[in-house]
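Read-outs: derived from the displayed coordinates by stated rules, not from any lab. Being a predicted model, the structure only gives us computed values, none of them experimental. Every residue, glycine among them, receives a Cβ derived from its backbone with ideal geometry; neighbour counts consider all protein chains shown.
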Amino acid sequence: MTERRFAAHCAILALLALLAGCSLVPAYERPALPVPERFPGDDRRPATALPGWRDYYAEPELQTLIAAGLAHNRDLRIAIARVEEARGLAGIARADRLPTVNAQGSGNRARTPADLTNIGQARTSSRYDLGLGITAFELDFWGRVAALDEAARAQYLATEEAARAFRASLIGDVATTWYLLAELTERERLAAETLANRSDSLALLRKRREVGLASDLEVLAAEGLVESVRAQLGEIRRQRLQTENALSLLTGMSAALPRPAFMPRKGAPATLAPGLPSEVLLARPDVRAAEQRLIAANANVGAARAAFFPSITLTGSLGTASAALSGLFDAGSGAWLFQPVLKFPLFDAGRTQANLDVAEARKIAAVADYEKTVQQAFREVADALAARETYAEQVAALEANLVVQRARLERVQARQRAGVASYLEVLDASRDAFAAQQSLVTARRQLFAAAAALYKALGGGSED
C-alpha cells in the first residue's frame, strides 16, 4: 500500500510539473513592416551612424539649451516618473509568481455565556499562535500569472521607450525653436536697418520736395514703404518674443536665454544617410514602444485564455499554538495548516469569454497601432529627406535672387541719381531686395530645421 501511495504521489507531482510548463500565450511574431523597402529618392548609400546630439548640434549656445531642457523640462520629468511607475508595476506582477511568506502572531481571549456552553457554565478561553504563513498562492499551471508578468514587463519597456522618444523629440524641438529664434533675430535686425535707411531716405525726399525736386506722389510712396517696414518689424518682434517664451518653457525656464547672433549662412549640422527602412524604423524608440505594447497585448490574450481553466491556490501555515502565551514553545505545541483550494469555472454569464474578446480586440488594435507607428515613422524620414534636398535647392536659388535684387537696386539708384529714373522705381527695387533678404533667412532656417527633423526621425542618436 505504501508503495502504491508513493507511486500515486509521484504521478501527481509529475502531472503537476507537466501542467506547470503549459502556457496559453500565443507565440509572438513581429508583424511585417507595412512600408516600401526603400525611402523615396534613396541613392543606396550605406547608412550613417547617428552621432550623439552634442556632436550633431555644434553651436555651444544650442548645446547649453538642450542640456538645460534635458535637466529641467517638466514634461520629460513626468515621462521619467511614469517609467518608474511602470517599473514598480512590473515588480508587483513579478512578485506574484512567488509565494508571499509572512511571520504571523496572534492572540485572542473570549468569554462564552453559560447558556452557550455544554456544561451550563460560563467559559473563558484563550489561544495564542505564532508561525510562518502563505496566503492564497496560485499554482500557475496554465501560465496566467507568467503572462501577466510578461505583459507588465512589456508595458514597462514600452513606457521606457516612450520616454526615450520624448527625449529625442525634446532635443529636436529645442533645436528647431533655437533656429527659429535665430531667424527672427536676424530678420528683426534686417528690418530695423531697413527702417532706419528708409526713414533717412524719406527725410531727404521731403527736403527735395520743398525745393521742387520731388513730387508728393514720391513722398507718399516712401512714407507708405516706411510704415510697411515698421509694421513688419513689430510683427517680427512679437514672433521673436513668443519664440523666446516657447524656448524658455522647453528648457524649464532654468536660465536666461542666449540670443543667437545670426542665422548660420551655409550647410547644416551634418549629412545623414538613413539606410534601409528596416534598419532605421526598428531602431526608433516610438516604434519599439509600439512593439512592446503589442507584446503586452499578446500576453494578455494568454492570461485571458487561462481563465477558462481550473486554478489552484494554496494557503498554509507552520508554527506553534497554545492556550497560554507562556506555552507557545512547549513540547507538543506545534501547529500547521494546509488548505489547497481548487476553483473550476462553471458559469459566469459570459464574463470570461468577454474578457478574452476584449484581450483579442486589444491585440488587433495593438497590431494596427504598431503598423501605423511604422508608417508614420517612414513618412517622417521621407519628409525630412525631401525637405533637406528641396530647401538646399531653395536656399541656392534665393541666394542668387538676392544678388540679382541688390544689383538691380544699385542700378536703379544710379539711374535715379542721373535723373533718368523716378524715385518710385528705387522704392520698388528696395522693397524687392528687402523681401529677398527676408525670404533667404527663412529658407536657411528651414534647411537647418529639416536637418533637425531628419535627426529626430532617424531615432535621435545616442543618450549621451
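Spacing of the modelled spin labels on VAL358 and ASP115, each 7 Å from Cα toward Cβ, amounts to 5.1 nm.
Overall, the chain carries a charge dipole of about 460 debye about its Cα centre when +1 sits on the Cβ of Lys and Arg and -1 on the Cβ of Asp and Glu, all other atoms neutral.
If we count other beta carbons within 10 Å of each Cβ, what is the order of TRP178, TRP142, fewest first? Could the numbers behind the result be given before it?
Numbers: TRP178 27, TRP142 23.
In increasing order of surrounding Cβ atoms, one gets TRP142, TRP178.
Here the spin labels are modelled as points 7 Å beyond Cα on the Cα-Cβ line, and at LEU346 and ALA192 they lie 8.6 nm apart. Multiplying the residue separation of ASP428 and ARG238 by 0.36 nm and subtracting their alpha-carbon distance yields 65.8 nm. Paramagnetic label reach from LEU89 (point 7 Å along Cα→Cβ; backbone nitrogen cut-off under 20 Å): within segment 362-403, residues 362-370. Hull volume per residue, based on the alpha-carbon atoms of segment 42-114 and their convex hull, is 305 Å³.
Exposure proxy ranking for ILE171, ILE312, based on other Cβ atoms within 10 angstrom of each Cβ and starting from the fewest, stands as ILE312, ILE171. Per-residue Cβ neighbour counts within 10 Å put GLU183, GLU37, GLU161 in the sequence GLU37, GLU161, GLU183, beginning with the fewest. In this structure, the amide hydrogen of TRP142, modeled 1.01 Å from its nitrogen in the peptide plane, lies closer than 5 angstrom to no residue at least 5 positions away or on a different chain.
222 nm [θ] for the chain, helices only, -39500 (n - 2.57) per DSSP H run of 4+, per residue, to 500?
Working: 10 runs with 289 residues, N = 464.
The per-residue figure over the chain is -22500 deg cm²/dmol.
Please list, by residue number, everything in segment 76-105 whose backbone N is under 16 Å from a paramagnetic label point 7 Å out along Cα→Cβ of SER169. Residues 76-83 fall inside that zone.
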